[in-house]
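None of the figures in this text is laboratory data; all of them are computed from the coordinates on show. Small disclaimer: the values here were computed from a predicted structure and weren't measured. Note that each Cβ is placed from the backbone with ideal geometry, even for glycine, and that neighbours are counted across all protein chains shown.
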Amino acid sequence: MTTDNSTQYFSAWWAILFVFLTFNLIPVPFALLVGSLGEWVYQNPVLVDMNYLGEVKLHPIADNLTPIFSMSALVAFIIWRMKKRNIDLNDLGSLSINKRDIFYGTLMLFAFIALEEIYMWALDIEMPEGFVTFMLSDPIILGLISVIIVAPIAEEFLFRGFLFSQLKRTHLGGWGAVTLSSFLWTIIHFQYEPLILLVLFIFGIFLGYIRMTYNSLSLPIILHAINNTIAFGMAYFFY
């Protein structure tokens, strides 16, 4: 769709395809680059149950360095494409930080986490042991950076920022964009069992609601980071 000022928004299908192409293809050259650094990046391998893919060998150094580098490139690439299409970057959501919004958003997050824990306990669901081991493997600083900094920024930018901003302009509207972007965000976590994916989908709806209600990108990033920090801390101290 092209407006009078030559702004070229992404169609719904192209926005979805663009997200999955960039999310899956941009890491490839960085994985090759990290692999070229030597055998030391492949030390301490961990077998992780990837649900439908079975057990996959992951490497705490290589498989954390790759997203740390590639997600930065992904964000930069999408910003470049938006500028080329004359799409206002403000469409992604405000980056200003409102302390009051963070306070109330955090309260809602804690309520969600409490309900999530009840759900996990009632159905006797545990986080996959392999992923916990991988996340806590040495050097643990790489796991911290990936889980608490890189994942919240990149995933919120991509799904609650870019994808939501393009989908809401279609016939889907705001809630349709929240639901579809949350569903697609859940899909990239395919390594988890369906009962965990259901929680992730609801969490995505929550983050999408925050994004839409507050017109903020920084707030879902912060709440996502707090959630991951809590998950990391629980894994570190209780598993």
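Below is a table of values for the structure above.
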| item | result |
| --- | --- |
| Separation of alpha-carbon centers, segment 39-106 and segment 177-212, rounded to whole Å | 15 |
| Mean ellipticity per residue at 222 nm, deg cm²/dmol - from DSSP H runs of n ≥ 4 across the chain, formula -39500 (n - 2.57) | -20000 deg cm²/dmol |
| Size of the chain as Cα extents on the principal axes (Å, biggest first) | 56, 44, 34 |
| Rounded to whole Hz, the Karplus (6.51, -1.76, 1.60) HN-Hα couplings of segment 40-45, x for glycine and proline | 5, 6, 10, 6, 6, x |
| Compactness of segment 199-239, expressed as Rg and Dmax over alpha-carbon positions, Å | 11.9, 37 |
| Förster radius 30 Å - calculated FRET efficiency between Tyr239 and Leu123, Cβ distance, rounded to 0.05 | 0.95 |
| Distance (nanometres) between label positions extended 7 Å along Cα→Cβ at Ile79 and Ala111 | 3.5 |
| Over 20 Å [Cα-Cα, segment 28-87], rounded percent | 44 |
| Under the Karplus curve 6.51 cos²θ - 1.76 cosθ + 1.60, θ = phi - 60°, whole-Hz ³J(HN,Hα) for segment 16-26, x wherever Gly or Pro sits | 5, 5, 4, 4, 6, 5, 5, 5, 9, 8, 4 |
| Gained length - Lys99 relative to Asp138, 0.36 nm times residue gap less alpha-carbon distance | 10.6 nm |
| FRET efficiency estimate (nearest 0.05) - Cβ-Cβ, Ile145 to Leu33, R0 22 angstrom | 0.80 |
| The chain - percent relative contact order, Cα under 8 Å, separation 6 or more | 26 |
| For the chain, built as a Gaussian network whose Cα springs stay under 10 Å, the top-fluctuating residue of Asn215, Asn227, Asn86 | Asn86 |
| Segment 149-239: radius of gyration and largest Cα-Cα distance (Dmax), Å | 13.3, 46 |
| Enclosed volume per residue, in Å³, of the convex hull spanned by Cα atoms of segment 1-100 | 178 |
| Cα-projected label distance for Ser6 with Trp40, points at 7 Å along beta-carbon direction, nm | 5.0 |
| Two-decimal Rg to Rh for segment 71-139 - Kirkwood Rh, Cα set | 1.16 |
| Cα-based Rg and Dmax for segment 44-168, where Dmax is the largest Cα-Cα distance (Å) | 17.9, 50 |
| The chain, dipole about Cα centre (Lys/Arg Cβ +1, Asp/Glu Cβ -1), debye to the nearest 20 | 1080 |
